[in-house]
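Visitor: My questions will all concern the structure given below.
The values are calculated or read from the model by the stated rules, or taken from the named source; none is laboratory data. All values derive from a computational prediction rather than experimental measurement. Cβ placement follows ideal geometry from the backbone for every residue including glycine, while neighbour counts extend to all protein chains displayed.
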Amino acid sequence: MGTVILYFLISLLASTIGAIAGIGGGVFIKPILDFLGDYPLATIGILSSTTVFTMSLVSLWTRRREVKVMDRATSLLLALGAVIGGLVGKVIFKYLATYSWVGNVQTISLIIIFSAVLLYVQFKDTFPSFYIKNKSVILAMGLALGVLSAFLDIGGGPHNIAILSLFFAMDAKKSSLYSLFIICFSQLSGLLFTFISTSLSSLSLNMLPGMIIGGVLGGALGSNLSKWFTIRAVEIVFKLSLAGLVLLNLYNLYLYL
């Protein structure tokens, strides 16, 4: 029972922060479950992805008024790219999951990405801001974000926010909404592939129901809090999350090595 409560709380807290900042709960769930070491990579991937998909779906429903006024062309192209990218990322992960070095590659990639994004958000005023309108480029960006999220098993992440801020001139609150939109579709395609191609009976998923409940509650709580948070407050949550994620993944890498 204690383990079930622990996994529920991990899901709840990760999903709440993920919904506020738009980074998805998987960025917390994946390294924390790696640290706990209770499950292999394949199982962690399903636990994380399912929780994140549930959280993003609930978050978008809670913020449905904001969803209705999203730029339709940009959001749909990013979502389409994320669907394709989510499938590609899961295919890559499926064929590499048996190699012992994959966990290290994922952790190192996360450290590099999170550190780069932290530097960007800290000094973003010194970077030029763009507004991409080319449909092919927007589709390619969605695809790249989908591949990264699915392969790294994080269901989204700070890199979504950085890309949306840099190339679409979005503030923290707006980019968090678009990021959740991308996360939802990339996770949907990745999960469909996983459920079709994987024998779920061979995996231990006894923690999944509690984590899904945590994802639902966290998505609703985080999205409601986001409505009351200022842009500055969302930025602070985002930066603190990034700093914590860099430290957590550095510690995980130390344990791996």
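Visitor: In the range 90-110, which residues are surrounded by fewer than 16 Cβ atoms within 10 Å (Cβ to Cβ) and of a type in the set (S, T, N, Q)?
Guide: Across the range 90-110, the qualifying residues are THR98, SER100, ASN104, SER109.
Visitor: If I go through the range 11-37 residue by residue, how many of them are touching a residue at least 60 places away in the same chain (Cβ under 8 Å) and either polar (S, T, N, Q) or farther than 25 Å from VAL117 by Cβ (or both)?
Guide: So the count comes out to 3.
Visitor: From GLY142, GLY157, GLY190, grab the single residue that is small (Gly, Ala, Ser), more than 13 Å from the chain's Cα centre (by Cα) and either surrounded by 21 or more Cβ atoms within 10 Å (Cβ to Cβ) or more than 17 Å from VAL58 (Cα to Cα) (or both).
Guide: Working: GLY157 fails: more than 13 Å from the chain's Cα centre (by Cα); GLY190 fails: more than 13 Å from the chain's Cα centre (by Cα).
Result: GLY142 is the single residue among GLY142, GLY157, GLY190 that is small (Gly, Ala, Ser), more than 13 Å from the chain's Cα centre (by Cα) and either surrounded by 21 or more Cβ atoms within 10 Å (Cβ to Cβ) or more than 17 Å from VAL58 (Cα to Cα) (or both).
Visitor: Tell me, yes or no, whether the range 50-69 has at least one residue that is farther than 23 Å from GLY219 by Cβ and buried (at least 16 other Cβ atoms within 10 Å of the Cβ). Please lay out each step first, then the result.
Guide: Taking the range 50-69 first, the residues farther than 23 Å from GLY219 by Cβ are none.
No: zero hits.
Visitor: Now for a separate question. Residues to consider are LYS94, LYS124, LYS135; find the one that is more than 24 Å from LEU248 (Cβ to Cβ), of a type in the set (Lys, Arg) and at pLDDT below 85. Spell out how you get there, then give the answer.
Guide: On the way: LYS124 fails: more than 24 Å from LEU248 (Cβ to Cβ); LYS135 fails: at pLDDT below 85.
That would be LYS94, the only listed residue that is more than 24 Å from LEU248 (Cβ to Cβ), of a type in the set (Lys, Arg) and at pLDDT below 85.
Visitor: Next question. Could you please tell me which pairs satisfy a Cβ distance under 8 Å, a separation of 6+ or placement on different chains, a first residue in the range 115-144 that is aromatic (Phe, Trp, Tyr), and a second residue that is surrounded by 10 or more Cβ atoms within 10 Å (Cβ to Cβ) and not in a helix (DSSP H, G or I)?
Guide: TYR120/PHE127; PHE130/ALA169; TYR131/ALA169
Visitor: Quick check: anything in the range 133-153 over 23 Å from LEU192 (Cα atoms) and among the acidic types (Asp, Glu)? Don't jump to the end; show me each part of the working.
Guide: At the first step, the residues of the range 133-153 found to be over 23 Å from LEU192 (Cα atoms) are 133-138.
Keeping just the survivors that are among the acidic types (Asp, Glu) gives none.
No, the conditions are met nowhere in the range 133-153.
Visitor: Considering only residues of the range 27-48 that are of a type outside the set (A, V, I, L, M) and in a helix (DSSP H, G or I), which is nearest to ASN206 (Cα to Cα)?
Guide: Within the range 27-48, the subset of a type outside the set (A, V, I, L, M) is 28, 30-31, 34-35, 37-40, 43, 45, 48.
Retained after the next criterion (residues that are in a helix (DSSP H, G or I)): 28, 30-31, 34-35, 43, 45, 48.
Working: PHE28: 20, LYS30: 17, PRO31: 19, ASP34: 17, PHE35: 19, THR43: 10, GLY45: 14, SER48: 13 Å.
Only one residue fits best here, namely THR43.
Visitor: Go through the range 49-150 and tell me which helices (runs of 4 or more DSSP H), entirely inside it, have 1 or more residues that are hydroxyl-bearing (Ser, Thr, Tyr).
Guide: Qualifying helices (runs of 4 or more DSSP H): 72-96, 102-122.
Visitor: What are the residues in the range 230-240 that are in contact with a Pro (Cβ under 9 Å, 6 or more places away or on another chain) and either at pLDDT 85 or above or surrounded by fewer than 15 Cβ atoms within 10 Å (Cβ to Cβ) (or both), if any? Break it down into steps so the answer makes sense when it comes.
Guide: Going residue by residue through the range 230-240, those that are in contact with a Pro (Cβ under 9 Å, 6 or more places away or on another chain) are 238.
Across the range 230-240, there are no qualifying residues.
Visitor: Condition (residue is in a helix (DSSP H, G or I) and polar (S, T, N, Q)) applied to the range 230-242: is it met by at least one residue? Quick ask: steps written out before the conclusion?
Guide: Going residue by residue through the range 230-242, those that are in a helix (DSSP H, G or I) are 231-242.
Okay, now just the ones that are also polar (S, T, N, Q), so 241.
Yes, the range 230-242 has at least one match.
Visitor: On to the next question. Under 6 Å between Cβ atoms, which residue pairs at least 6 apart in sequence (or on different chains) link something in the range 191-211 that is within 26 Å of VAL83 (Cα to Cα) with a partner that is buried (at least 18 other Cβ atoms within 10 Å of the Cβ) and small (Gly, Ala, Ser)?
Guide: LEU191/SER49; MET211/SER11
Visitor: Next question, about the same structure. If you scan the range 102-116, which residues turn out to be β-branched (Val, Ile, Thr) and closer than 12 Å to LEU148 by Cβ? Spell out the reasoning first.
Guide: As a first pass, look at the range 102-116 and keep what is β-branched (Val, Ile, Thr): 102, 105, 107-108, 111-113.
Once the filter is applied, which keeps residues that are β-branched (Val, Ile, Thr) and closer than 12 Å to LEU148 by Cβ, the range 102-116 yields ILE112, ILE113.
Visitor: Listed residues GLY103, GLY81; which is touching a residue at least 12 places away in the same chain (Cβ under 8 Å) and within 30 Å of TYR251 (Cα to Cα)? Outline the logic, then answer.
Guide: On the way: GLY81 fails: within 30 Å of TYR251 (Cα to Cα).
GLY103 is the lone residue from the list that is touching a residue at least 12 places away in the same chain (Cβ under 8 Å) and within 30 Å of TYR251 (Cα to Cα).
Visitor: Restricting the search to the range 202-229, which residues are modelled with pLDDT under 85, part of a helix (DSSP H, G or I) and under 17 Å from TYR39 (Cα atoms)?
Guide: Correct list: SER202 only.
Visitor: Test of understanding: among ILE10, ILE20, which residue is part of a helix (DSSP H, G or I) and touching a Leu at 6+ places or on another chain (Cβ under 7 Å)? It would help to see each step written out before you state the result.
Guide: On the way: ILE10 fails: touching a Leu at 6+ places or on another chain (Cβ under 7 Å).
Testing whether each residue is part of a helix (DSSP H, G or I) and touching a Leu at 6+ places or on another chain (Cβ under 7 Å) leaves just ILE20.
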